[in-house]
């Protein structure tokens, strides 16, 4: 199993550009989530999904959209990037029968 | 929503000493408390966790204690080694499917173990 994968690893955007951060897992996990990590702030929840077709907002959802058309994929979309979205983004997944959340390797995003 | 406070933000110990990191939470409905270790440039890795029906859990040199009444939990690392140097995060979760098992993280503790 590849576990949780994220692409790209690094990305530089200009203010106003749009892009999609990709996240996929091959463990058949129902639950997936997106976190952002900023220095001194820990990880903060952006959006989460409890299954295909179901998503909900987390602590810091503004400026981000998500969809969950399949169990495997949970992309995060930035419609109009802002410098405040410069961060490291982690995708995570888990099953309902195990406590552990598995994190992807992260995407480092810089918005100029 | 849940608020998780973590202290200290930085901790420096000598190799072989013990390290203790403390967290408090605000949501009495939280029932799952994991600890993550994150090395520079890497993803968070689960090192130990505890559920609210247990007061203490130990795994070799690391242990976690939970005081539900006071709403605080702590990570204890004994016989520290240089490879324990990393950032440690505590988290709290309601542990239910409705919330997607979402985690609320503390802001992290940077632990440095000097030889």
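What follows is calculated from the coordinates using simple rules that are stated; it is not laboratory data. Please read all numbers here as calculations on a predicted model, not as lab measurements. Heads up, the Cβs are rebuilt from the backbone with ideal geometry, glycines too, and the neighbour counts pull from every protein chain shown.
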message: Give me B:42, A:14 sorted ascending by neighbouring Cβ count inside 10 Å, so fewest comes first.
response: A:14, B:42
message: Using square roots of five times the C-alpha gyration tensor eigenvalues, list the equivalent-ellipsoid semi-axes of segment B:7-58 in whole Å, biggest first.
response: 23, 15, 12
statement: Placing each pseudo-label 7 Å from Cα in the direction of the beta carbon, residue B:46 and residue A:88 end up separated by a distance in nanometres of 2.0 nm
query: Looking at chain A from every direction and averaging, what is the projected area of its Cα convex hull in nm²?
result: 6.5 nm²
field: Spin-label model distance (nm) - residue B:57 vs residue B:17, 7 Å beyond Cα toward Cβ
entry: 2.8 nm
- request: Quick one: compute the contact order of chain A, relative version, from alpha carbon pairs under 8 angstrom and 6+ residues apart, as a percent.
  value: 36 percent
- prompt: So how far apart, in nm, are the two label points at residue B:71 and residue A:73 if each is 7 Å from Cα heading toward Cβ?
  reply: 4.1 nm
field: Fraction of alpha-carbon pairs over 17 Å apart in segment A:1-43 - percent
entry: 51 percent
Chain A: most fluctuating residue of A:35, A:89, A:64 per GNM, C-alpha cutoff 10 Å: A:64
message: Using Cα-Cα distances under 8 Å and only pairs 6 or more residues apart, what relative contact order does chain B have, in percent?
response: 36 percent
- line: Most exposed first, judged by fewest Cβ atoms within 10 angstrom, A:31, A:48 run A:31, A:48
query: With springs only between Cα atoms under 10 Å, which of B:60, B:38, B:81 fluctuates most in a Gaussian network model of chain B?
result: B:60
- line: The FRET efficiency for residue A:17 and residue A:62, from their Cβ-Cβ distance with R0 = 22 Å and rounded to 0.05, is 0.80
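Tell me, A:20, A:55, A:70 in order of fewest to most beta-carbon neighbours within 10 Å? Intermediate results must be reported in sequence, preceding the final value.
Working: A:20 14, A:55 20, A:70 10.
Ordered from fewest to most neighbouring Cβ atoms within 10 Å, A:20, A:55, A:70 come out as A:70, A:20, A:55.
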